[in-house]
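The values are calculated or read from the model by the stated rules, or taken from the named source; none is laboratory data. Every value quoted in this text rests on a predicted model; they were computed, and no experiment measured them. Here Cβ is always computed from backbone atoms with ideal geometry, including for glycine, and neighbour counts include all displayed protein chains.
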There are 2 protein chains.
Amino acid sequence: MTDSKRLAVVGAGAVGGSVVELAADYGHSVVAFADSSSAVVDDDGIDTGTALDRKASEGHVGDGDPQDALAADYDVLVEATPTTLGDAHPGFSHLRTALERDRHVVLANKGPVAERYADVRDLERDSQGRVRFEATVGGAIPIVSTVEDLSPSHVTAARGVLNGTANFILSRMAAEGIDYEHVLAEAQDLGVAEADPTFDVEGTDAALKCVILANVLSEGEREFTLEDAEVEGITNVPGSALELAAEDGRTIRLVGEATRDGIRVGPRLVPQNAALAVTGTRNIVQLETDHAGQLNLSGRGAGGPETASAVLGDVGRLE
Amino acid sequence: MTDSKRLAVVGAGAVGGSVVELAADYGHSVVAFADSSSAVVDDDGIDTGTALDRKASEGHVGDGDPQDALAADYDVLVEATPTTLGDAHPGFSHLRTALERDRHVVLANKGPVAERYADVRDLERDSQGRVRFEATVGGAIPIVSTVEDLSPSHVTAARGVLNGTANFILSRMAAEGIDYEHVLAEAQDLGVAEADPTFDVEGTDAALKCVILANVLSEGEREFTLEDAEVEGITNVPGSALELAAEDGRTIRLVGEATRDGIRVGPRLVPQNAALAVTGTRNIVQLETDHAGQLNLSGRGAGGPETASAVLGDVGRLE
């Protein structure tokens with residue numbers, strides 16, 4: 001049985017909200033919950049229903065200051081603020097505060113492990129707290145923990161379809177024979193694509209996930225950031241390219257690849273019946289191993305409850 | 001980093017031999033190695049190359065008595081003798097000896113956890129040693145540890161193609177339009193099927209794996225054994241059934257399903273492009289979860305190094 005942990009959840013978007021909603025179902029309590037402008041803290045466990053209702057109706061989770069959540073008496077900080085690049089603040093400073101207090105950190109925010117991996121590992125080395133980040137790569141799919149179990153030294157490469165929005169657009173373009181702009185508008189109507197879809201369709205999001213995987217594979221021998229990634233998005237893929245591919249039994253997917261030598265993300269031709277040709281918003285990762293052949297892991301790569309499930313899995317793996 | 005462990009490996013078939021061969025590569029030493037008639041023991045670590053060469057040339061691993069291996073000073077007993085049904089001996093007695101000495105046990109042998117799960121958990125409760133058994137289900141694929149990370153209570157069902165021999169035969173029947181007997185002969189020539197293929201083609205092997213998954217999902221609330229499984233093999237699947245399925249865009253796979261309510265294994269119609277329609281000797285498992293949707297895990301379901309990789313992953317997860 002997993003030990004019950006007291007969680008402080010920072011970030012009240014789809015993932016943070018789902019962690020708060022599901023924590024009790026995984027045997028944990030939430031003692032603090034913050035969005036960017038407010039917080040609610042209770043050492044005996046906050047009333048999660050009330051906090052989530054207030055967020056939905058009033059736009060804030062409580063009356064406290066967000067900093068109160070970071071100062072609360074928690075075992076694990078769940079960092080679920082939006083991913084930022086460069087110095088990765090405020091996520092990175094939240095992580096630092098927790099580790100300096102010898103608390104564990106579980107990240108849903110990709111910034112700290114994509115942009116400042118060496119700094120994260122340095123802080124972890126001086127702390128009794130540990131850092132886990134399964135939710136940053138592939139949503140519900142247990143990729144980081146599988147690499148950990150295999151031991152990174154036995155994994156030679158990770159390759160996959162890691163952005164559901166881009167994959168939805170390519171799948172629809174292929175199925176309906178329509179152009180990028182039309183499918184993008186449809187995806188935005190459905191809520192699958194954001195109003196500003198740049199992060200997804202330019203390949204940045206997939207690249208960040210591959211950067212994280214390259215950092216895990218490298219075990220600190222070399223640090224990767226987004227600057228090390230060769231990235232091409234899907235905005236220049238014409239419908240005609242998908243038609244030509246289909247005539248040859250193939251399709252196009254936005255494929256990312258991470259090894260200890262580097263990171264590449266771009267549109268690639270793949271056979272229509274290949275494992276990489278997942279459709280819709282599903283993600284897949286293929287791990288190439290030295291002794292165990294190729295492992296394929298696929299599932300839902302995004303979504304509040306799905307990503308929260310990865311966060312809570314990480315919490316369960318902490319001592 | 002994984003702590004280095006001293007292993008005693010009992011069983012010198014493809015899996016036991018591969019564990020001995022690869023242990024050092026995973027940072028562990030082998031202090032004892034036994035087959036059914038002999039053993040070699042050395043507290044400083046046996047000479048693994050010599051033992052494997054002797055097994056290949058002379059048919060035994062050393063000059064000692066097999067019981068010497070069980071009495072050796074090891075941290076982890078790797079039980080890789082052939083799976084037996086009913087009382088699951090000698091695998092079960094090896095496991096009991098190790099647990100009574102407060103040592104860990106990693107099973108490649110399905111017998112103890114398929115036929116005597118409650119007894120195994122009872123012995124484990126009274127021991128400082130833990131029992132792990134990733135290698136018993138799906139070879140290299142991390143199925144048991146993924147269920148563990150998700151927490152069994154959040155997994156509602158496990159379904160999959162779990163026998164490579166049966167899958168190879170069905171794949172070849174469909175691809176070549178030939179009958180069961182002809183493909184079986186070919187599979188035996190290739191070493192994919194045993195001289196006596198009963199265990200694989202009658203569904204017993206797949207059922208044992210599903211029994212183990214049902215036991216994991218049930219968390220001790222209910223014990224399953226092979227007797228609880230509804231099992232039908234592939235020996236009565238005519239080539240014409242595969243032809244009819246193909247006309248409808250489908251194929252036939254030997255699918256096993258495990259829930260907290262029971263176990264069913266039998267030939268099922270699946271769409272040709274569905275995840276379950278893996279070809280050749282690959283295995284796949286689909287986990288249905290309450291919050292994370294469906295996770296698909298696929299890879300090599302058998303083979304010495306592949307299964308040894310799962311064994312050594314289990315060793316790495318022990319404290």
- [ ] Mind listing whichever residues of the range A:21-34 are within 13 Å of chain B (Cβ to nearest Cβ) and within 21 Å of the chain's Cα centre (by Cα)?
- [x] A:Glu21, A:Leu22, A:Ala23, A:Tyr26
Open item on the list: Looking at the range A:154-167, I want the residues that are within 26 Å of A:Leu242 (Cβ to Cβ) and have a partner that is assigned to a helix (DSSP H, G or I) and modelled with pLDDT under 95 with Cβ atoms under 7 Å, at least 6 apart or on another chain. Which pairs are those?
Closed with: A:Thr165/A:Ala187
TODO: Quick one: which residue in A:Glu227, A:Glu306 is over 24 Å from A:Arg121 (Cβ atoms), among the acidic types (Asp, Glu) and out of contact with any Phe, Trp or Tyr (no Cβ under 7 Å at 6 or more places or on another chain)?
DONE: A:Glu306
Open item on the list: Condition first: buried (at least 24 other Cβ atoms within 10 Å of the Cβ) and in contact (Cβ under 8 Å) with a residue 40 or more places away in the chain. Now tell me which residues in the range B:50-71 satisfy that.
Closed with: B:Val61, B:Ala69
TODO: Would you kindly identify the helices (runs of 4 or more DSSP H) lying entirely within the range B:109-159 that contain at least 2 residues that are among the β-branched types (Val, Ile, Thr)?
DONE: B:144-150
Open item on the list: Of the conditions (1) outside any loop (DSSP other than H, G, I, E, B); (2) of a type in the set (A, V, I, L, M, F, W, C); (3) over 17 Å from the mean Cα position of the chain (by Cα); (4) surrounded by fewer than 22 Cβ atoms within 10 Å (Cβ to Cβ), B:Val183 satisfies every one except a single condition; which number is it?
Closed with: (4)
- [ ] Could you please give the count of residues in the range B:89-110 that are surrounded by fewer than 24 Cβ atoms within 10 Å (Cβ to Cβ) and in contact (Cβ under 8 Å) with a residue 24 or more places away in the chain?
- [x] 8
Open item on the list: Name the single residue that is surrounded by the fewest Cβ atoms within 10 Å (Cβ to Cβ) among those in the range A:301-319 being aliphatic (A, V, I, L, M) and more than 9 Å from every other protein chain (Cβ to nearest Cβ).
Closed with: A:Leu318
Open item on the list: Just to be sure I understand, how many residues within the range B:60-107 are within 27 Å of B:Ser4 (Cβ to Cβ) and assigned to a helix (DSSP H, G or I)?
Closed with: 14
TODO: For the range A:277-292, name all the residues that are within 12 Å of A:Ala158 (Cα to Cα) and either at pLDDT below 95 or touching a helix residue (DSSP H, G or I) at 6+ places or on another chain (Cβ under 6 Å) (or both).
DONE: A:Val285, A:Thr289
- [ ] Those residues that are facing chain A (nearest Cβ under 7 Å) and at positive phi, I need them from the range B:280-295; list them, please.
- [x] B:Gly293
Task: Condition broken by A:Ser298, with the remaining ones in (1) within 7 Å of chain B (Cβ to nearest Cβ); (2) in contact with a helix residue (DSSP H, G or I) (Cβ under 9 Å, 6 or more places away or on another chain) satisfied - done: (2)
Open item on the list: Scan the range A:142-154 and tell me whether some residue there is surrounded by 18 or more Cβ atoms within 10 Å (Cβ to Cβ), away from chain B (no Cβ under 14 Å) and closer than 23 Å to A:Thr204 by Cα.
Closed with: no
